[in-house]
Amino acid sequence: MDIVLSNTSGKPIYQQLFEQISAQILKGELKQDDGLPPIRTVAKELRISVIPVKKAWEELERRGYIYSIVGRGCFVAP
């Protein structure tokens with residue numbers, strides 16, 4: 001997963017995450033049933049709080065891009 005965040009874009013961090021990940025799913029870069037990294041891992045790698053990552057994951061799930069399995073993680077939806 002390749003994510004580039006900008007503090008000067010004017011868009012909230014969670015929205016940047018949502019847009020980039022959903023674009024990767026639509027382009028087929030992330031395929032059905034591919035696992036997404038844990039929220040804490042993404043936050044640590046991007047050096048941001050877990051809150052915007054969690055919000056982005058929730059929005060991805062709400063819009064049907066991903067699904068979650070308790071205790072296993074989040075995966076790209078069919």
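Summary of computed values
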quantity	calculated
Count - residues of the stretch 21-53 that are outside any loop (DSSP other than H, G, I, E, B) and within 18 Å of ASP2 (Cα to Cα)	19
Residue list for the stretch 1-16, restricted to those being farther than 13 Å from GLU59 by Cα and under 10 Å from the mean Cα position of the chain (by Cα)	MET1, ILE3
Selection within the stretch 54-78 - over 16 Å from ILE3 (Cβ atoms) and either open to solvent by less than 50 Å² (accessible area, probe 1.4 Å) or in a helix (DSSP H, G or I) (or both)	GLU58, GLU61, ARG62, GLY64, GLY73, PHE75, ALA77
Residues that are over 11 Å from TYR14 (Cβ atoms) and of a type outside the set (S, T, N, Q), drawn from the stretch 51-72	GLU61, ARG62, ARG63, GLY64, TYR65, ILE66, TYR67, ILE69, VAL70, GLY71, ARG72
Per-region count, the stretch 17-53, residues open to solvent by less than 40 Å² (accessible area, probe 1.4 Å), more than 15 Å from GLY73 (Cβ to Cβ) and under 9 Å from the mean Cα position of the chain (by Cα)	3
The listed residue being aliphatic (A, V, I, L, M) and touching a strand residue (DSSP E or B) at 6+ places or on another chain (Cβ under 6 Å), out of ALA77, ALA43, ALA23	ALA77
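The values are calculated or read from the model by the stated rules, or taken from the named source; none is laboratory data. As the structure is a prediction and not an experimental result, all values here were calculated from the model. Cβ: placed from backbone, ideal geometry, glycine included. Neighbour counts: every protein chain shown. Accessible surface is based on the protein model in full, side chains and every heavy atom, while ligands, DNA and RNA are left aside. Shrake-Rupley method; radii C 1.70, N 1.55, O 1.52, S 1.80 Å.
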